[in-house]
Amino acid sequence: MNCLFVPLLADLGLLERMCSKSPIPVNFMIFPGCASNVEVAATGVARTSHGPFPHRALMKRFEQDAADALRE
């Protein structure tokens, strides 16, 4: 399926305009600090993705836990 992918677009007004004008579905990447899922969904996006952010957060936590364990 063809789509327009707009990662890290923070301007919800622009996102809504893109969704209303695009002849193909618009997909959005959720990122830390972006608008809520409800607000993003209200713009008309076809699909959201979490991208690499959950994995990055998990790895950061893992590294911190490992460092703490080594200090004990």
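The values are calculated or read from the model by the stated rules, or taken from the named source; none is laboratory data. On a predicted model such as this, the values are computed, not experimentally measured, just so you know. When we count neighbours, we look across all protein chains shown, and the Cβ atoms used for this are built from the backbone with ideal geometry, even at glycine.
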Filter the range 10-31 for residues that are under 18 Å from residue 54 (Cα atoms) and without any contact (Cβ under 8 Å) to a residue 24 or more places away in the chain and give the result. 28, 30
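Among the candidates 5, 62, 53, which residue alone is aromatic (Phe, Trp, Tyr) and touching a strand residue (DSSP E or B) at 6+ places or on another chain (Cβ under 8 Å)? Talk me through it step by step, then tell me what you get.
Details: 62 fails: touching a strand residue (DSSP E or B) at 6+ places or on another chain (Cβ under 8 Å); 53 fails: touching a strand residue (DSSP E or B) at 6+ places or on another chain (Cβ under 8 Å).
Sole residue among the options that is aromatic (Phe, Trp, Tyr) and touching a strand residue (DSSP E or B) at 6+ places or on another chain (Cβ under 8 Å): 5.
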Looking at this structure, is residue 69 exposed (fewer than 10 other Cβ atoms within 10 Å of the Cβ), out of contact with any Pro (no Cβ under 6 Å at 6 or more places or on another chain) and not charged (D, E, K, R)? yes
Selection within the range 19-36 - loosely packed, with under 11 Cβ neighbours inside 10 Å, of a type outside the set (Lys, Arg) and at negative phi: 20, 23, 24, 32, 36
If we keep only residues of the range 38-55 that are surrounded by fewer than 12 Cβ atoms within 10 Å (Cβ to Cβ) and at pLDDT below 90, then the residue nearest to residue 21 (Cα to Cα) is 50
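Here's the yes/no breakdown for (1) out of contact with any Leu (no Cβ under 9 Å at 6 or more places or on another chain); (2) in a loop (DSSP other than H, G, I, E, B):
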| residue | (1), (2) |
| --- | --- |
| 2 | yes, yes |
| 14 | yes, no |
| 20 | yes, no |
| 39 | no, no |
| 43 | no, yes |
| 48 | yes, no |
| 51 | no, yes |
| 55 | yes, no |
| 59 | yes, no |
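Within the range 3-18, which residues are at positive phi and of a type in the set (Phe, Trp, Tyr)?
Of the residues in the range 3-18, the ones at positive phi are 8.
Within the range 3-18, none qualify.
Please go through the range 22-72 and give me each residue that is among the polar types (S, T, N, Q) and more than 13 Å from the chain's Cα centre (by Cα), ordered by number.
22, 43, 64
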Within the range 57-72, of all residues that are at pLDDT 90 or above and among the basic types (Lys, Arg), the one farthest from residue 7 (Cα to Cα) is 61
